[in-house]
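Colleague: Have a look at this one.
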Amino acid sequence: MAPTLYYFLMSPYSRSVLLAVRTLGLDVELKTIDLKKKEQLNPDFVAINPQHTVPTLVDGDLVLTESRAISTYLVSRYGKDDSLYPKDVVTRAKVDGLLYFDCATLCIRWRAVVHPVMKDGAAKPSEAAMKNLDEALKWLNDILAQHPDRYLAGTTHPTVADLSIAAWACTYVALNFPLAQHPDITRWLARCRENLVGFDECEKGAAQFGEMFAAILKSRA
Ligand SMILES: N[C@@H](CCC(=O)N[C@@H](CS)C(=O)NCC(=O)O)C(=O)O
């Protein structure tokens, strides 16, 4: 039986897994959990994932939450080769390092920018949160500047680190946040747009989130 992926297109973490699914050409049953309608709190879904987060993957007896773990699992279990999650120890260490950087630094700083607006009624993101996020973007830009024309882990092909971080970066761009001071990120995103399977779908979800965020800001101006 094909694995089931519970997802919501506006969610960057869902979109990163979708990019892995599309890149691997997997037959996956996609089930939308509409976060705007709070469908993640439906008892049926909470029974599957008590943390009520998307993405969630069900593959036979395995229930997997956490987008990065889902993507690496899909590559290891179903990938025809290891290019998305290289087995070479040093390259894999770089990919893992980037995935942890994404989870522990980029995402935490991103949440400090958007959650006050989305959840706490703030009129706009705070300058301190934007500055803190920009510092992390500078680190990301510096990583890319070490190997222009390559992907995040220094490979000539994308890895799950690119999928994970590009899915989030699309949202950053959709919110019209500034990127001009990070030209290597802009160039890398252009490469992702050109080469990642399903990137248009990813940008569509980011645009939907951008519209929702802009409407909230407008309503509080
Ligand atoms: N670290 C998790 C984060 C998942 C997450 O927070 N997803 C959000 C959507 S972007 C969600 O499902 N929120 C609904 C909720 O927490 O009730 C991952 O990477 O999968």
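The values are calculated or read from the model by the stated rules, or taken from the named source; none is laboratory data. Since the structure is predicted, the reported quantities are computational estimates derived from the model, not experimental observations. Ideal geometry is used to build each Cβ from the backbone, glycine not excepted, and the neighbour counts take in all protein chains shown. These area figures cover heavy atoms from the full protein model, side chains too; ligands, DNA and RNA do not enter into them. Shrake-Rupley method; radii C 1.70, N 1.55, O 1.52, S 1.80 Å.
Colleague: So V63 ticks every box in (1) outside any helix (DSSP H, G or I); (2) more than 16 Å from the ligand (Cβ to nearest atom) but one. Which box is left unticked?
Modeller: Result: V63 passes all but (2).
Colleague: Of the residues K124, K80, which single one is more than 20 Å from R191 (Cβ to Cβ), modelled with pLDDT of 95 or more and surrounded by fewer than 12 Cβ atoms within 10 Å (Cβ to Cβ)?
Modeller: On inspection, the qualifying residue turns out to be K80.
Colleague: For L57, are the conditions met, namely being open to solvent by less than 40 Å² (accessible area, probe 1.4 Å), outside any helix (DSSP H, G or I) and more than 8 Å from the ligand (Cβ to nearest atom)?
Modeller: yes
Colleague: Still on this structure, I have one more. If L30 satisfies every condition in (1) outside any helix (DSSP H, G or I); (2) in contact with a His (Cβ under 9 Å, 6 or more places away or on another chain) but one, which is the exception?
Modeller: The one condition L30 does not meet is (2).
Colleague: Residue by residue through the stretch 182-200, note down the ones that are in a helix (DSSP H, G or I), closer than 17 Å to R15 by Cβ and open to solvent by 50 Å² or more (accessible area, probe 1.4 Å).
Modeller: R193, N195, D200
Colleague: Now, a different point. Would you say L133 is crowded, with 17+ Cβ neighbours inside 10 Å, over 15 Å from the mean Cα position of the chain (by Cα), of a type in the set (A, V, I, L, M) and closer than 25 Å to V28 by Cβ?
Modeller: Against the criterion (crowded, with 17+ Cβ neighbours inside 10 Å, over 15 Å from the mean Cα position of the chain (by Cα), of a type in the set (A, V, I, L, M) and closer than 25 Å to V28 by Cβ), L133 does not qualify.
Colleague: Within the stretch 19-50, track down each residue that is within 12 Å of the ligand (Cβ to nearest atom) and either open to solvent by less than 20 Å² (accessible area, probe 1.4 Å) or over 18 Å from the mean Cα position of the chain (by Cα) (or both).
Modeller: Those that are within 12 Å of the ligand (Cβ to nearest atom) and either open to solvent by less than 20 Å² (accessible area, probe 1.4 Å) or over 18 Å from the mean Cα position of the chain (by Cα) (or both): I33, K36, K37, K38, E39, Q40, L41, N42, F45, V46, N49, P50.
Colleague: Please go through (1) surrounded by 14 or more Cβ atoms within 10 Å (Cβ to Cβ); (2) away from the ligand (no atom under 14 Å from the Cβ); (3) among the basic types (K, R) for R68 and return the number of the only condition it doesn't satisfy.
Modeller: All conditions pass for R68, except number (2).
Colleague: Continuing with this model, one more query. If you check D96, D102, which single one turns out to be open to solvent by less than 60 Å² (accessible area, probe 1.4 Å), among the charged types (D, E, K, R), farther than 25 Å from A215 by Cα and within 12 Å of the ligand (Cβ to nearest atom)?
Modeller: Result: D102 is the single residue among D96, D102 that is open to solvent by less than 60 Å² (accessible area, probe 1.4 Å), among the charged types (D, E, K, R), farther than 25 Å from A215 by Cα and within 12 Å of the ligand (Cβ to nearest atom).
Colleague: Also, I was wondering about something else. Which pairs do you get when a residue that is closer than 20 Å to P50 by Cα and touching a residue at least 40 places away in the same chain (Cβ under 8 Å), found in the stretch 66-79, comes within reach of a residue that is near the ligand (Cβ under 10 Å from one of its atoms) and polar (S, T, N, Q), reach meaning Cβ atoms under 6 angstrom, with the pair 6+ apart or on two chains?
Modeller: Within 6 Å, the pairs are S67/S16; R68/S164.
Colleague: To continue, here is another question. If you check I108 against the conditions, is it among the aliphatic types (A, V, I, L, M), within 15 Å of the chain's Cα centre (by Cα) and more than 18 Å from T159 (Cβ to Cβ)? Steps first, please.
Modeller: Numbers: among the aliphatic types (A, V, I, L, M): yes; within 15 Å of the chain's Cα centre (by Cα): yes; more than 18 Å from T159 (Cβ to Cβ): yes.
Yes; evaluated as a whole, the condition is true for this residue.
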